[in-house]
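The values are calculated or read from the model by the stated rules, or taken from the named source; none is laboratory data. The structure presented is a predicted model; accordingly, all values stated were derived computationally and were not measured. Positions of Cβ are generated from backbone atoms using ideal geometry, with glycine treated the same way; all protein chains shown enter the neighbour counts.
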Amino acid sequence: MSAGTTATSTATGGGAPTAPPRGGRFAVLSVMMGIFAIVTTEILPIGLLTSIGADFTVSDGTAGLMMTMPGFLAAVCAPTITVATARVDRRLMLCAFMLLLTAANVITAAAPAFWAVLVARVLVGVTIGGFWSIGAGLAERLVPRRSVARATAVIFSAVPLGSVLGVPAGTLIGDLAGWRVAFATMALLSAGVLAALLVALPPLPSAGATRLGVLRAMLGTTGVRMGLLVTFLVVLAHFAAYTYVTPFLTEVTGAGPGAITLLLLAYGVAGFAGNLLGGAAAARWTRAAFGVSAAALAAATVLLPVLGAGPAGAAVLLMAWGLAYGAVPVCSQTWFAASAPHAPEAASILFTASFQATIGVGALAGGAVVDHASPSAAMLFGGCAAGLAAVAVAVAAHRAGRRGRAAADLGGAGAS
């Protein structure tokens with residue numbers, strides 16, 4: 001069989017899983033907490049960007065490298081680690097990555113200079129790519145078949161929870177006790193998750209290997225290529241702007257540390273709601289849900305420099321932004337899965353790699369805009385990119401409609 005039609009068994013053990021062990025719920029929760037710790041560590045610098053940059057006397061754009069580097073490393077590590085460690089026990093790999101995350105947070109908390117922070121962020125990137133590529137598909141090996149869908153939802157709930165709870169809490173700790181204490185707290189959380197993984201997870205020998213040929217074949221399909229374009233544009237828009245939302249709220253809105261924490265919390269709550277609504281909508285109307293999310297994100301970011309000069313306007317627009325972006329990850333993943341139904345695991349790897357790479361590009365582009373112009377300009381840049389994403393979705397929907405009508409015409413001609 002060709003690479004394009006062979007359903008692969010990934011390093012997550014997608015093929016012929018063994019019977020789920022007892023205590024599967026605890027195992028699922030431990031994996032979920034691992035992703036929560038990873039997501040929070042990855043985006044925590046957004047809330048602490050100004051204070052970290054001030055401590056090391058670097059610009060906001062340079063401090064944005066803390067977001068850029070993990071994204072690029074994760075994009076590379078998602079496929080390569082999955083292939084390179086295909087025959088290593090998944091339990092061992094997850095624990096190794098959580099140990100790496102603990103070390104990264106310790107290094108950041110004790111960093112004598114900014115270069116040490118960047119070294120730690122490299123380790124974070126490796127952890128993101130490796131843990132996600134392995135942990136995202138473990139539900140079917142941890143719980144009975146009837147509970148797989150619910151367990152998968154629990155695991156992925158860690159993503160919005162990182163924004164709702166993790167980043168505001170970390171920002172609050174940073175405001176009260178300093179940004180180093182915030183990362184030290186994340187080190188303790190990571191170490192606790194490592195202990196939970198060691199206790200909760202059973203041995204998980206790999207059941208197969210992902211083939212790079214499947215990933216190459218997927219890139220040749222129109223649906224996947226369009227999904228990559230739309231994902232690139234909307235994630236670029238978000239992280240080019242959101243990475244520098246703290247400098248914007250400080251300089252333009254005039255918000256103090258406590259107000260910024262509350263505003264980020266409001267954004268996170270709206271993002272959690274967007275994740276739930278987006279998941280329900282994407283299951284039935286993937287393109288429409290993605291297009292509406294991109295258009296709403298564009299509107300919120302473009303209007304922020306105009307209406308976000310006061311806390312009330314900023315709060316409303318940040319909640320609209322959170323609601324819009326909360327739907328983006330699930331819409332993107334659903335798009336990839338629908339474009340490659342024969343290889344769902346490979347679709348998940350491609351989604352992770354493309355998403356993380358664009359996080360890095362977005363943070364880097366936004367940093368250049370901030371350093372050469374202002375945080376307000378970064379918001380406008382993000383709005384334009386999101387607008388292009390909405391246009392790309394509309395074009396994709398139009399082309400799909402034309403293909404559907406052409407197929408219907410051919411079917412009618414054949415029947416006549």
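Within the bounds of the range 281-289, is there any residue that is in contact with a helix residue (DSSP H, G or I) (Cβ under 8 Å, 6 or more places away or on another chain), of a type in the set (Gly, Ala, Ser), assigned by TED's automatic domain parsing to the domain that holds SER339 and in a loop (DSSP other than H, G, I, E, B)?
At the first step, the residues of the range 281-289 found to be in contact with a helix residue (DSSP H, G or I) (Cβ under 8 Å, 6 or more places away or on another chain) are 281-283, 286-289.
Pick out the ones that are also of a type in the set (Gly, Ala, Ser) and you get 281-283, 288-289.
Next cut, assigned by TED's automatic domain parsing to the domain that holds SER339 only: 281-283, 288-289.
Those left that are additionally in a loop (DSSP other than H, G, I, E, B): 283.
Among the residues of the range 281-289, at least one is in contact with a helix residue (DSSP H, G or I) (Cβ under 8 Å, 6 or more places away or on another chain), of a type in the set (Gly, Ala, Ser), assigned by TED's automatic domain parsing to the domain that holds SER339 and in a loop (DSSP other than H, G, I, E, B), which makes the answer yes.
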Just one of LEU176, LEU188, LEU165, LEU101 is assigned to a helix (DSSP H, G or I), under 29 Å from GLY61 (Cβ atoms) and free of Cβ contacts under 8 Å to residues at least 60 places away in the same chain; which is it? LEU176
Out of everything in the range 76-100 that is farther than 19 Å from PRO203 by Cβ and surrounded by fewer than 23 Cβ atoms within 10 Å (Cβ to Cβ), what residue ends up being modelled with the highest pLDDT? LEU100
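When you look at LEU201, is it buried (at least 18 other Cβ atoms within 10 Å of the Cβ) and modelled with pLDDT of 85 or more, yes or no?
Numbers: buried (at least 18 other Cβ atoms within 10 Å of the Cβ): yes; modelled with pLDDT of 85 or more: yes.
It is true that LEU201 is buried (at least 18 other Cβ atoms within 10 Å of the Cβ) and modelled with pLDDT of 85 or more.
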I'd like to verify a number: residues in the range 210-263 that are buried (at least 24 other Cβ atoms within 10 Å of the Cβ) and at pLDDT below 85, how many? 4
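Please specify each residue of the range 54-66 satisfying the condition of being surrounded by 21 or more Cβ atoms within 10 Å (Cβ to Cβ) and in a helix (DSSP H, G or I). Step through it out loud before you land on a result.
The initial filter retains those residues of the range 54-66 that are surrounded by 21 or more Cβ atoms within 10 Å (Cβ to Cβ), namely 60-61, 63-64, 66.
Matches in the range 54-66: ASP60, GLY61, ALA63, MET66.
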